[in-house]
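Notes follow once the structure below has been shown.
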Amino acid sequence: MIPLKATTRSTSAGPVLELSGPLDHYSAPQVRALLPGVSVAPGQQLVVDLAGLTFCDSSGITVLIAARNHALAADATIALAAVPPNVSRTFGIVGLDQVFPVHPSAEAAAAAWQPPAG
């Protein structure tokens with residue numbers, strides 16, 4: 001079994017959490033444990049880059065909702081980037097495509113981000 005790899009990096013828009021491998025019952029706790037350490041400031045955008053994601057089950061969806069809650073608690077926004085077609089189909093079925101803005105890449109998400117006025 002290929003383990004999930006999670007890395008973070010910073011951009012001017014905010015942090016990017018890159019996930020590659022399967023996001024499932026076994027790996028979801030790893031990502032959930034990372035979230036408190038992902039520093040997102042008010043007005044920033046947390047991007048979850050799924051370009052390397054190979055699978056996402058209900059546990060993975062729960063972690064993405066937890067990431068959304070983490071961003072909203074910081075008065076920030078969240079976007080998903082590079083959602084693979086097989087995962088995108090699942091997101092559409094469960095309605096996640098109505099909850100998250102989705103961009104073709106992390107760079108496109110950063111370009112679409114609007115800093116707060118003021």
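The values are calculated or read from the model by the stated rules, or taken from the named source; none is laboratory data. This structure is a prediction, so every number in the text was calculated from the model and none was measured. Cβ atoms come from the backbone with ideal geometry, glycine included; neighbour counts cover every protein chain shown.
Here are the numbers for this structure:
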| item | result |
| --- | --- |
| Condition check for S58: surrounded by fewer than 17 Cβ atoms within 10 Å (Cβ to Cβ), in contact with a helix residue (DSSP H, G or I) (Cβ under 9 Å, 6 or more places away or on another chain) and of a type in the set (S, T, N, Q) | yes |
| Count - residues of the stretch 6-26 that are surrounded by fewer than 17 Cβ atoms within 10 Å (Cβ to Cβ) and under 21 Å from V102 (Cα atoms) | 7 |
| Yes/no for A82 being surrounded by fewer than 19 Cβ atoms within 10 Å (Cβ to Cβ) and touching a residue at least 24 places away in the same chain (Cβ under 8 Å) | no |
| Cβ-Cβ under 7 Å pairs, at least 6 apart or on other chains, the stretch 21-34 side closer than 13 Å to A67 by Cα, far side at pLDDT 95 or above and among the hydroxyl-bearing types (S, T, Y) | A28/S59; A28/T62 |
| Subset of the stretch 1-52 [within 14 Å of A79 (Cα to Cα), aliphatic (A, V, I, L, M) and in a loop (DSSP other than H, G, I, E, B)] | A13, V40 |
| Unique match (being modelled with pLDDT of 95 or more, touching a helix residue (DSSP H, G or I) at 6+ places or on another chain (Cβ under 8 Å), surrounded by fewer than 15 Cβ atoms within 10 Å (Cβ to Cβ) and not β-branched (V, I, T)) among P42, P29, P36 | P36 |
| Index of the failed condition, P115 passing every other in (1) assigned to a helix (DSSP H, G or I); (2) surrounded by fewer than 20 Cβ atoms within 10 Å (Cβ to Cβ); (3) not β-branched (V, I, T) | (1) |
| Residue, nearest to A41 (Cα to Cα), within the stretch 51-108, restricted to residues that are under 13 Å from the mean Cα position of the chain (by Cα) and charged (D, E, K, R) | R68 |
